[in-house]
Every structure is written in C-alpha cells, then in structure tokens.
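Presented below is the structure to which this report refers.
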Amino acid sequence: MNILVINGHPDPEAFCAALADAYRDAAASQAGAKVREIDLSQIAFDPNLKYGYRQRTELEEELREAQEMIGWADHLVLVYPTWWGTMPAVLKGFFDRVFLPGFAYKHQPNSLLWDKLLKGKTAHLIVTMDTPSWYNRWFYKRAGHRVMKSNILGYCGIKTVRITEFNMVSSSQESTRLKWLEKIRKLGAALA
C-alpha cells in the first residue's frame, strides 16, 4: 500500500508532528507500506487562491510535488489540530491550492454533477483538539470532521475510513501523550 502522511499543523514542534511520525514509522517498518510525507510546516507556498477559479494561479514546485504524491497514494493520513471548529488556515489553503478542478474533481458541462477524480483512495483523519469529545459531538456536531470528510475529501472521491480524535491535548500529561503515540503506532502497523 502507498500511504501519504500529511501533517497539517504549522508548528513543527507541535504534538501533531509526533503523531505523524509515529504513524509513518510504524506503517513503513511494521506494515511494510511505502510511505511518503508532506509536512506543511516545512514547505513554502501561498495558501491564498488569489483569483478563485477565474484566473489560474501557478502552483509552486512543492505543490506540484504534493499533487504527484496524492496521485501516487492509495491512502492519505491527515494529522491536524482543530482550531475554531475546523482545520488550521495552512491546511485549508493547501486544499484550496492543490485540490483543483482537473486534478481532484471535474464539473460536468451543463450539469450540477461532477466527476470525483480521486475516487478509490481512502483517508484516516488524526485530529487533536482542546475541546472535550462529548462537547465536540453534542454541541458542535463534529463540524470540522464533517467538513473534511464530506465537503473536501468526499467531494473528490476520497473515502474517510477512520477518524481518530485526541481531546484536551494542551492540558494532557506526558504519560497520556505517550499512550496516544502508542495507539497511533498500532494503527500505523495495522494500516488502519
């Protein structure tokens, strides 16, 4: 299996980086998967789709490489925090710039329908937040998860097969974080 791990946290020292590393290492060493990685804290690109779709904005080299890696991957693992109920701006900008018409989807002429050009791929979301799980579920209705699963990935044909959520991260103890990392290693080893 070809796996692409995308770390969508802008801070290279955030806990998301450790989660991404744990999944990547276990999938490669224990499951024998071919694994590539995109770390959004390490690449430079303009996250603003400046002209919308009215005028083409040329992709930076790293974004062209990201499209190639997404095309190569069977399974995407997205690791990111929830801020203001959804993903960080850098991850949203990444989707705006990379998941373009003709690459991720294609509208059918004179129709409300579209072709899902990334169909057949799957995704696992690994999401951190400081909101309690019950509050995110009952009050926010897991809005950030729904946007990622349906409005972004699903729109392009990528099926989200698992969402792993870690809550109350900033106040968590080191012992708790070590348990979370072990859980992610087990998921990576099982390609889950």
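The values are calculated or read from the model by the stated rules, or taken from the named source; none is laboratory data. Since this is a predicted model, take the numbers as computed values, not measurements. Quick reminder, even Gly has a Cβ in these numbers, built from the backbone with ideal geometry, and neighbours come from all protein chains shown. Remember, those area values only see protein heavy atoms, side chains included, never the ligands or the DNA or RNA. Shrake-Rupley method; radii C 1.70, N 1.55, O 1.52, S 1.80 Å.
Points to keep in mind about this one:
- Any hit, the range 143-151, residues being polar (S, T, N, Q), under 18 Å from the mean Cα position of the chain (by Cα) and either buried (at least 16 other Cβ atoms within 10 Å of the Cβ) or in a strand (DSSP E or B) (or both): no
- Just one of (1) open to solvent by less than 90 Å² (accessible area, probe 1.4 Å); (2) in a helix (DSSP H, G or I); (3) touching a residue at least 12 places away in the same chain (Cβ under 8 Å) fails for Ile126. It is (2).
- Among the residues making up the range 36-65, those that are assigned to a strand (DSSP E or B) and open to solvent by less than 40 Å² (accessible area, probe 1.4 Å) are Ile38, Asp39.
- The one condition from (1) within 19 Å of Asn7 (Cβ to Cβ); (2) of a type outside the set (Asp, Glu); (3) open to solvent by 70 Å² or more (accessible area, probe 1.4 Å) that Ile158 does not meet is (3).
- From Phe94, Phe103, residue being in contact with a helix residue (DSSP H, G or I) (Cβ under 8 Å, 6 or more places away or on another chain) and open to solvent by 10 Å² or more (accessible area, probe 1.4 Å): Phe103
- Being over 25 Å from Leu191 (Cβ atoms) and under 15 Å from the mean Cα position of the chain (by Cα) holds for only one residue in Leu59, Leu63, and it is Leu63.
- Considering (1) farther than 27 Å from Lys116 by Cβ; (2) open to solvent by less than 70 Å² (accessible area, probe 1.4 Å); (3) under 15 Å from the mean Cα position of the chain (by Cα), the lone condition that Arg24 does not fulfil carries the number (1).
- Apart from one condition, Ala89 fits all of (1) open to solvent by less than 40 Å² (accessible area, probe 1.4 Å); (2) closer than 16 Å to Thr128 by Cα; the exception is (1).
- Residues that are within 24 Å of Ala22 (Cβ to Cβ) and within 15 Å of the chain's Cα centre (by Cα), drawn from the range 66-79: Ala66, Met69, Ile70, Ala73, Asp74, His75, Leu76, Val77, Leu78, Val79
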